[in-house]
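Take a look at the structure below.
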Amino acid sequence: YGNYRTVVEEMKEFPDVYIAALEGTYLAFMDLRNYVPLEQTKEFTQEKCRLAVDYGEWFGENWKGFIRLNMGTHPDIVKKAISNIKDNLRSMNV
């Protein structure tokens, strides 16, 4: 839960990134649609942020533009992942 709280707090800079409430798991669904064009979600996360995530469309078309971030790791790794996301969102001039 601590890693989830870190993600939520760190992403407050981008208020239009919706982060779904945890449902008894260590996976956070993040909605990037307000900042990243749908067709660029994979490029954004893989090439720019250098992250391996699950993509929302794997769970249905309505989830396209979401990523699922695994937070079941050391807090420093979660902080680095979020830092990569934030840095790249900033570079998109959002």
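The values are calculated or read from the model by the stated rules, or taken from the named source; none is laboratory data. On a predicted model such as this, the values are computed, not experimentally measured, just so you know. Every residue, glycine among them, receives a Cβ derived from its backbone with ideal geometry; neighbour counts consider all protein chains shown. To get the accessible areas, we keep the full protein, side chains included, count just its heavy atoms, and leave off ligands, DNA and RNA. Shrake-Rupley method; radii C 1.70, N 1.55, O 1.52, S 1.80 Å.
Result for the chain in a Gaussian network model with C-alpha springs under 10 Å: among 34, 84, 62, the largest mean-square fluctuation is at 62.
Accessible area per residue for the chain, computed on protein heavy atoms with a 1.4 Å probe, is 59 Å².
For the chain, the spherically averaged projection of the C-alpha convex hull amounts to 5.5 nm². For residue 12, the lysines whose Cα comes closer than 21 Å to its Cα, not counting residues fewer than 8 places off in the same chain, are 48, 79, 80, 86. Simple spin-label estimate for residue 9 and residue 79 gives 1.0 nm between the two label positions (7 Å along the Cα-to-Cβ direction from each Cα).
Taking 14 Å as the straight-line reach from the Cα of residue 64, the aspartates and glutamates in range (excluding those fewer than 8 positions away in the same chain) are 31, 39, 43, 54.
At full extension, residue 21 and residue 59 could sit 12.0 nm farther apart than now, given 0.36 nm per residue minus the alpha carbon distance. If you bin every alpha carbon distance in the stretch 45-84 into 5 Å steps from zero, what whole percent lands in each bin? The calculated distribution, bin by bin, is 6, 22, 26, 23, 15, 6, 1. Rounded to the nearest whole Hz, the Karplus-based 3J(HN,Hα) values (6.51 cos²θ - 1.76 cosθ + 1.60, θ = phi - 60°) of the stretch 32-43 follow the sequence 9, 4, 6, 10, 10, x, 3, 6, 10, 4, 5, 4, with x at glycine and proline.
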